[in-house]
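*Asks:* One structure, pasted below without further comment.
Every number in this text was worked out from the coordinates using simple rules, so none of it is lab data. Everything numeric in this text was worked out from a predicted model, so none of it was measured. So basically every Cβ, Gly included, is an ideal-geometry build from the backbone, and we count neighbours across all protein chains shown.
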Amino acid sequence: MDEFSFRFAEEKDRGLILEFIRELADYEKMLDEVVAREEVLREWIFNKKTAEVIFVMEDSVEVGFALFFHNFSTFLGKAGIYLEDLYVKPEYRGKGYGKALIKKLAEIAVERGCGRLEWWCLDWNKSSIDFYLSIGAEPMEDWTVYRIAGDVLNNLAIK
């Protein structure tokens, strides 16, 4: 791996964050689902501070990113870090940047006193699954993810 560093995103990085989100969505065959805009990222990441973004950089160029936020474990009685997105540009893969991002997030979790670092992975993404297993991550058994969104969410919220 070449010389690398990390930096937290600043509000001026909204376009770059959106670029990474779109590239990841394209890789995951979900680009048509991306409706986020720079104004939305400003509001939720930088104004409301509901998520954070860290970039991994090679020679001052952003080559990958991780978007994460805190969740809470009632069983542990403490916060954790939930990794929403991890993405390294294709031309920089295989150089250890993904592992470096995960290690950095683990470091942040430990520094902040968090009890865990967790994320979801698409079932078909064998290369990512193999990578996660290689660093000691354990797949959760007996759990299914549920989601309410869009019209269903709006209709459920109506009193």
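*Asks:* Look through segment 127-159, keep the residues that are touching an Asp or Glu at 6+ places or on another chain (Cβ under 9 Å) and assigned to a loop (DSSP other than H, G, I, E, B), and return whichever of them is nearest to G96 (Cα to Cα).
*Replies:* A137
*Asks:* Looking only at segment 20-40, how many residues end up being within 16 Å of the chain's Cα centre (by Cα) and under 16 Å from E84 (Cβ atoms)?
*Replies:* The total comes to 11.
*Asks:* Shifting gears a bit: Take the conditions surrounded by 18 or more Cβ atoms within 10 Å (Cβ to Cβ), among the aromatic types (F, W, Y), without any contact (Cβ under 8 Å) to a residue 60 or more places away in the chain and not in a helix (DSSP H, G or I) and apply them to F68. Does it pass?
*Replies:* yes
*Asks:* Testing Y132 on (1) under 28 Å from R14 (Cβ atoms); (2) under 17 Å from the mean Cα position of the chain (by Cα); (3) not charged (D, E, K, R), one condition comes back false. Which one is that?
*Replies:* The number of the failed condition is (1).
*Asks:* Just wondering, is there one or more residues in segment 51-71 that are touching a Cys at 6+ places or on another chain (Cβ under 8 Å) and of a type in the set (V, I, T)?
*Replies:* no
*Asks:* Here's another thing I want to ask about it. Would you please list the contacts, defined by Cβ atoms under 9 Å and residues six or more apart or on different chains, that run from a residue in segment 13-42 that is of a type in the set (D, E) to a residue that is part of a loop (DSSP other than H, G, I, E, B)?
*Replies:* E23/K89; D26/V34; E28/L122; E28/N125
*Asks:* Pick from segment 74-100 the residues that are aliphatic (A, V, I, L, M) and not in a loop (DSSP other than H, G, I, E, B): which of them is nearest to S134 (Cα to Cα)?
*Replies:* By that ranking, first place goes to A100.
*Asks:* Hey, can you tell me all the residues within segment 1-37 that are among the aromatic types (F, W, Y) and closer than 17 Å to V61 by Cβ?
*Replies:* Once the filter is applied, which keeps residues that are among the aromatic types (F, W, Y) and closer than 17 Å to V61 by Cβ, segment 1-37 yields F4, F6, F8, F20.
*Asks:* In segment 41-52, is there at least one residue being more than 23 Å from L117 (Cβ to Cβ), assigned to a loop (DSSP other than H, G, I, E, B), out of contact with any strand residue (DSSP E or B) (no Cβ under 7 Å at 6 or more places or on another chain) and among the basic types (K, R)?
*Replies:* No, that holds for no residue.
*Asks:* Quick one: in segment 87-134, which of the residues that are without any contact (Cβ under 8 Å) to a residue 40 or more places away in the chain and touching a helix residue (DSSP H, G or I) at 6+ places or on another chain (Cβ under 6 Å) is farthest from I21 (Cα to Cα)?
*Replies:* Applying the filter and picking the extreme gives L117.
*Asks:* Right, next: So how many residues does segment 39-82 have that are in contact with a helix residue (DSSP H, G or I) (Cβ under 7 Å, 6 or more places away or on another chain), more than 13 Å from E10 (Cβ to Cβ) and among the β-branched types (V, I, T)?
*Replies:* Here the count works out to 4.
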